[in-house]
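Asks: Handing you a structure now.
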Amino acid sequence: MKKKAIEMIPYLKLKKTSRKKDVRYIGVTAVKKVAEEKHFFLEIYKNTKNASTVPVARLVCTQKDFGTYFPERNEWTRQKCETDSYKGGLIWNEKTGERTTSDKLEKQNILYDEKDLERMRDFFKPSRSIWNEGRWWEYVSKHQQSVVSNARMATEKRKNERRRQALKEREQNTLKLPEQELLDMADERYFYHKHFLIYKKKGCFAKIACTKCGGVTDARWKGGESYESQFQRRTQEPVAGKSGTCPLCGAVGEYKCQGKVKSSYAKSIYIFLGQKYKETGMVLRYIQISKEWQIEEICENGGPELFNALEKLSGVEIARGYFEEGKPLQIDFHKHNPYDGKDFWDDCNLYGMNNIKISDAPVLYQTYTEMQGTIFQYSGLKEYVAAVGYVNPISYLERYQQTPQIEILTKLGLVDVVKELVRCRYGIVVSQYANRPDEFLGINKDKAKLLISRKGNIDILNVCKMEKRLEQHWTIDQIEALAEIGASQGNIAQVLELMTIQKVLNLISKYAGCEYGTNCSNAISRLKHVATTYFDYLSMRKQRGYDLRNTVYQRPKDLSVAHKKMTDEINKEQQDKRMQEAAEKYPMIRKNYRSLRNRYFYEDDRFTIRPARSAEEIIQEGRTLHHCVGGDSYLKSHNEKKSIILVMRYKDQQEIPYITVEIQDERIIQWYGAQDKKPDIKDNQKWLDTYIVRLKCKKDGMFEDAAESLLASAAG
């Protein structure tokens, strides 16, 4: 669209305004040729005399493009004329905050005359039509939407074409896979040329099917006394799980009983093969190789009989990871089209549960030969695989492109550190652009050798980083001990204000009764537990305002007792605070107690039951019996008399909680004892049922003898 040429065209001008009060904007149209192409002009004017020469907006459309020019701002945009089709907003309307209905919008926006509408029909109608021509702007809006959609589709088409061409180019530049060589290697290295001998015994004979040669034969496994038996084919006794020799081909295989073997048995392994791609690139190929053993049976009068046996090797390439210098990693996936039954390669993965996963697997030795002269010639992949075993080389090389220091870390033997980086756990890195390992990981220079000797152990690394942050200099034994107890930096920083690190470690060892460095799992677990308890104890002391310079507080005689004492002290403070807040929030529980007691109190020779005296008692009831009655929902409900909390206790132990009851009028909602259980459920349920009957009788004003009669009939 020639925007400068369009700006040079004079405005159409509004010859006459409308006298209708509701009209705010008037549209004027024209069709003009610009650069030998037809352009549709729609100019929107305010319905005022002094605004009839310069429009609010000029909308210009061609068959394949559109644009909107705002003269006041001297600005071109790609705004469509309808800003929000649901609310009916138009870009030239002033925002008043009022809700505009469809009818009101039609009255506010009109065309100058019928000729303007005819121009719209002629220009847009061949491809666009609208139901209500009172909303004439929809001609323009639909055309603009069509232009946008077509442009988007064209962009997607070009993008897909580029992807298709790139995929085709990658396939053409990928070397041929040595399929037979890989199958032979897998059979030898991973399946160990394994064969099965399927057998079925019949007296002194056994029918044996060999998966190697596919033959089925009868052979005598037990010697006979007849003259003919010495000329019959002999074999060893078949025993499931043991090795034997095929009487036909002599192959060694594992015996399997016919009755315990399914029709097929398969085993799969995964491998990575790296090949040179183009000049300096690499392609990592993820391959699945399977070996399947099958038996075939035929139905005879005596049941299924062995007919044949076979084994076959097969492989399929699952994914390819392409690396090129200066380009991001591209992974192509091998997919299957169920509609035409064909396999194809695609540059994106499947979604959801069908996602194709690339797992750790062995890397074939040919990969390192192919790496010579590529961008990964010095990547350290060979050393990493030798140290770890099964890896995902695609992830390793992708991280290597982002963080070249991985090569040095791998060759120094910091395997655990490299594992973390390959998994994208970069939180252990302090300076990503540093070249020296100590600066890269944020540790003191003299501790690099220790970390290397421990193969980059992450616990040791964390302690070394802690040492540098706290500006300390610890011995190797101290670092290993700190790694063993798993202490955090906050705990160590707190305790260093009171004593040296060696004294801390000695105290923890003394309390635990264990030595450091024993490699005993029980000792390590005990040391960690004691360290956590001790640091927690000091933290609680500090929280309560104790002077930790006092050695009595620093080094209690019995750590578990001292820790429990501090826990109880803090819990009591929290409980008291909770009870005070509940008492202030739910005061009606205490105020209503006397009236509720008159209604719900009852006792006999075994139990007594009454309402809770206060919010504090309800909270204490829940804590003692370990159930949820102390929650705000129960307190609020009791406070508003929607439901009442009753406490049921033994008559001779009225201060010891036993059962908590929630009641609504004369109906029990629920009742529970300790740990949300119902003790002696049969007798206690019967007692509570009797109690409910008494409540109803009391409410109805029955005399005592009438109530007793009703209770006797209910019990009967």
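We did not get these values from a lab; they are worked out from the coordinates using the rules stated. None of these values were measured; they are calculated from a predicted model. Here Cβ is always computed from backbone atoms with ideal geometry, including for glycine, and neighbour counts include all displayed protein chains.
Asks: Could you tell me whether the range 3-150 comes out rounded, prolate or oblate from its Cα gyration tensor? Rule is a ≥ b ≥ c as square roots of the eigenvalues, rounded for a/c under 1.5, then prolate if a/b exceeds b/c, otherwise oblate.
Replies: In terms of gyration-tensor shape, rounded.
Asks: When all alpha-carbon pairs of the range 179-340 are counted, what percent fall beyond 29 Å?
Replies: That tail contains 40 percent of the Cα-Cα pairs.
Asks: Same structure again: Mind sorting out which of (i) 26.8, 100; (ii) 26.0, 87; (iii) 43.5, 131 is the real Rg and Dmax of the Cα atoms in Å computed from the coordinates?
Replies: The listed entry that was calculated here is (iii).
Asks: With viscosity set to 0.890 mPa s and temperature to 25 °C, compute the Stokes-Einstein D of the range 116-270, Rh being the Kirkwood radius across alpha carbon pairs; µm²/s, no decimals.
Replies: Details: Rh = 23.1 Å.
So the translational diffusion coefficient is about 106 µm²/s.
Asks: If you don't mind, there's one more thing I want to ask. Give me the net charge for the shell around R24: Cβ to Cβ below 11 angstrom, other residues only, Lys and Arg +1, Asp and Glu -1. Please report the intermediate quantities before stating the final value.
Replies: Details: positive: K20, K21, K46, K104, K107; negative: D22, E94.
Taking every Cβ under 11 Å from that of R24, the sum is +3.
Asks: Given q = 0.21, 0.28, 0.29, 0.32 Å⁻¹, what are the Debye log10 I(q)/I(0) values for the range 185-234, with equal point scatterers placed on the Cα positions and solvent ignored?
Replies: The Cα Debye sum returns log10 ratios of -0.76, -1.01, -1.04, -1.13.
Asks: Please state, to two decimals, what the Cα-based radius of gyration of the range 474-579 comes to when divided by 2.2 N^0.38 Å (N = residues).
Replies: 1.13
Asks: How big is the range 144-187 along each principal axis, measuring the range of its Cα positions in Å and listing the largest first?
Replies: Extents along the principal axes, in whole Å: 63, 19, 7.
Asks: Right, next: Considering the alpha-carbon set of the range 609-674 alone, what are its Rg and its Dmax in angstrom?
Replies: So, for the range 609-674, Rg and Dmax equal 10.8, 31 Å respectively.
Asks: Could you tell me what a quarter of the Cα convex hull surface of the range 554-595 works out to, in nm² with one decimal place?
Replies: If you wrap the Cα atoms of the range 554-595 in a convex hull and average its projections, you get 4.1 nm².
Asks: Loop only per DSSP, at most 15 neighbouring Cβ atoms within 10 Å: give me the trypsin sites (Lys or Arg not before Pro) in the range 309-391, ordered by residue number.
Replies: Filter output for the range 309-391: K357.
Asks: Further question: Looking at the range 463-564, which GluC sites (Glu not before Pro) are in a loop (DSSP not H, G, I, E or B) and have at most 11 other Cβ atoms within 10 Å?
Replies: Values: sites: E467, E471, E480, E484, E497, E515; in loops: E471, E497, E515.
Sparse-neighbourhood loop GluC sites (Glu not before Pro): E471, E497, E515.
Asks: Taking a temperature of 4 °C and a viscosity of 1.567 mPa s, what whole-number D in µm²/s does Stokes-Einstein yield for the range 372-484 with Rh from Kirkwood over alpha carbon pairs?
Replies: 90
Asks: Would you report the distance distribution of C-alpha pairs in the range 500-639 as whole percents per 10 angstrom bin, up to the bin with the largest distance?
Replies: Cα pair-distance distribution for the range 500-639, in percent: 10, 27, 19, 17, 15, 9, 2.
Asks: Sticking with this one: Size of the range 586-715 along its principal axes in angstrom, Cα-based, largest extent first?
Replies: Cα spread of the range 586-715 along its principal axes, largest to smallest: 40, 30, 25 Å.
Asks: Can you give the translational diffusion coefficient of the range 438-499 in µm²/s, computed by Stokes-Einstein from the Kirkwood radius over Cα pairs at 10 °C and 1.306 mPa s? Could the numbers behind the result be given before it?
Replies: On the way: Rh = 11.6 Å.
Roughly 137 µm²/s, to the nearest whole number.
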